[in-house]
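The values are calculated or read from the model by the stated rules, or taken from the named source; none is laboratory data. Everything numeric in this text was worked out from a predicted model, so none of it was measured. As a convention, Cβ positions derive from the backbone with ideal geometry for all residues, glycine included, and neighbour counts pool all protein chains shown. Heavy atoms of the whole protein, side chains included, go into the accessibility calculation; ligands, DNA and RNA do not. Shrake-Rupley method; radii C 1.70, N 1.55, O 1.52, S 1.80 Å.
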Amino acid sequence: MNGNATSKHQNVALLSVATVVPDVVTTSEEMDNRLAETLKRLRMPRGLLQRVAGVHERRRWAADQSFESAAIAAGEKALAEAGISASDIGLIINTSVTRPHLEPSVAVRMHNGLGLPSSAMNFDIANACLGFINGMTVAAHMIDSGQIRYAMIIDGEDADEVNDNTIERLNRPETKRSDFMNEFASLTLGSGAAAAILGPADSHPSGHRILGGVTRAATQFHDVCVGSVNGMYTDTKALLKGGMELVVAAWQEAKDTWSWSAMDRYVLHQVSDVHTSAIVKAAKLDRSKVPTTYPRYGNVGPASIPITLAEQSSTLAPGDRVLLMGVGSGLNTSMMEITW
C-alpha cells in the first residue's frame, strides 16, 4: 500500500498493562488563577481549557515522586500482574518523551531500576505520542521471530516543568493573544506512567492477542507541533487538518487488510474534546465505544493510550476487539488491533 506499513503478528499476546498516576491534582481552574492577569490583559475568558479542550484537571508528581521511579513502579506492577519474573525479560523499550539527558537512553535507568538481567536488550523509541504503540510493534516482531520471549514497554512522563515554564512565559507583559494560543496545548499536558508486558501467545492462552496494525506518515507537517522542556508550540488548525487527513488515508488503505468499523472499544491517544470528536467523525466511529481519560489526566503523551487501556481492562470481556489509535507530532498515525 502506498505510504502505508502493515504488520501482522502470529504468536504475541499482551499479558498485562499497569499504571502509576501522580498523587497531586492540578485543576484547570488553578491554572486560570495563575494566568489571571494575562487573561484579563488579553481579554480572554477563563475556562478555555475546560470548554475548548475538555481538560478539567491533570496530575503532577509529588515531592517524593518522579517520572522515573513511577515508571519503574509501573513496570513492577506489570510484571506481577503478568506473573513474569524480571529475569525472564529479554527486552525493555522506553518510549518516554520526558528525558533528563540526551544520552544515555532513559531505558538504561529503567533496566537498572527493575533489576533486569544483563541479557535484556534496552533502548528508547522516540516518536512523540505514538512511541508506546511503536514499541509494542517492534517487541511483537521480535517475539514472533523467536529472538526474545518476553518484552516490557515502559513510559514515564513529567509535564510539571513544561506547565510551569509555559505559565511563566505567558505571564510576561509582552505576551500576545497569538502567543497564548500557540502555547495553549502545553497547558493540557499531564504526568503519569505505564508499562506493559508482551509474550508468546501459545504459552499464555489467557493473554490478549496482538493481531497487528498499520502506520502512515505525513512528515510534511513536521513543524506544526514542536515541543521541548520549555513548552510545546502548536499550529492547532494545521495539526488538526493534517492529522485527520492522515487518519482517513490510513483508515481507507487499511480496509484491504483489516475490518475496524465495528470494534468493541476504540482506545485513542488522549488529547482533547476537539481532537477526539474529529477522529470519531473522520473514521465514523461509535462515540459510545470511545472512552476518554483526558478530562482527568490531560494529555499524558505516549502513556495516555496504555493508561486508558488499563482503565478499560476491567470492562472488557474475552473476545472483545480493541483498536489502539493515535496521531503523533511529525505527523504519524498508528493503529493496532488487540483481541481481549
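Values as computed for the structure displayed
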quantity	calculated
Size-normalised alpha-carbon gyration radius of the stretch 105-173, reference 2.2 N^0.38 Å	1.53
Debye intensity ratio I(q)/I(0), log10, the stretch 63-116, q values 0.19, 0.31 Å⁻¹ (C-alpha model)	-0.66, -1.39
Lys/Arg +1, Asp/Glu -1 at C-beta; the stretch 183-288 dipole; positive extreme among Pro200, His275, Ser261	Ser261
Accessible area of the stretch 124-164 divided out per residue, in Å², using a probe of 1.4 angstrom	30 Å²
Using a Förster distance of 30 Å, the FRET efficiency for Val25-Asn112 (Cβ separation, nearest 0.05)	0.45
Solvent exposure of the stretch 18-68 as accessible area per residue, Å², 1.4 Å probe	52 Å²
Mean Cβ neighbour count within 10 Å, used as a protection proxy, ranking 143-155, 192-204 highest first	192-204, 143-155
Residues of type aspartates and glutamates that Lys77 reaches as a straight line, Cα spacing below 14 Å, ignoring anything fewer than 8 places off in the same chain	Asp155
Relative contact order (%) - criterion: Cα under 8 Å, at least six apart; region: the stretch 85-131	52 percent
Carbon/sulfur fraction of accessible area - the chain, other protein chains in place, 1.4 Å, %	51 percent
Cα-Cα over 30 Å, subset of Lys8/Lys284; Lys176/Lys241; Lys40/Lys284	Lys40/Lys284
Viscosity 1.306 mPa s, temperature 10 °C, Stokes-Einstein D of the stretch 178-301 from Kirkwood C-alpha radius, µm²/s	95 µm²/s
Note, ³J(HN,Hα) from phi for the stretch 312-324, Karplus 6.51, -1.76, 1.60, rounded to Hz, x at Gly and Pro	7, 4, 6, 9, 8, 10, x, x, 4, 9, 10, 10, 8
Helix-only mean residue ellipticity at 222 nm for the chain, each DSSP H run of n ≥ 4 adding -39500 (n - 2.57), per residue, nearest 500	-9500 deg cm²/dmol
Listed peptides 51-59, 221-229 by packing density, highest first (mean Cβ within 10 Å)	51-59, 221-229
Amide hydrogen neighbours beyond the local backbone of Val267, cut-off 5 Å, H modeled	Leu323, Leu324, Met325
Aspartates and glutamates whose Cα lies under 16 Å from that of Lys281, excluding same-chain neighbours fewer than 8 positions away	Glu245, Asp273
Three semi-axes of the equivalent ellipsoid, the chain, Cα gyration tensor, whole Å, largest first	32, 24, 17
The stretch 165-204: trypsin sites (Lys or Arg not before Pro) in DSSP loop, at most 11 other beta carbons within 10 Å	Lys176
Hz values of 3J(HN,Hα) by residue in the stretch 118-125 - Karplus curve (6.51, -1.76, 1.60), Gly and Pro given as x	4, 6, 7, 5, 8, 6, 9, 10
Residues whose placed amide H lies under 5 Å from that of Ile92, excluding near-sequence neighbours	Met121, Asn122, Phe123, Met152
Å² of accessible area per residue within the stretch 202-305, as computed with a 1.4 Å probe and no ligands counted	46 Å²
Karplus-derived HN-Hα couplings along the stretch 74-83 (A = 6.51, B = -1.76, C = 1.60, θ = phi - 60°), whole Hz, x at Gly and Pro	5, x, 5, 5, 5, 4, 5, 5, 7, x
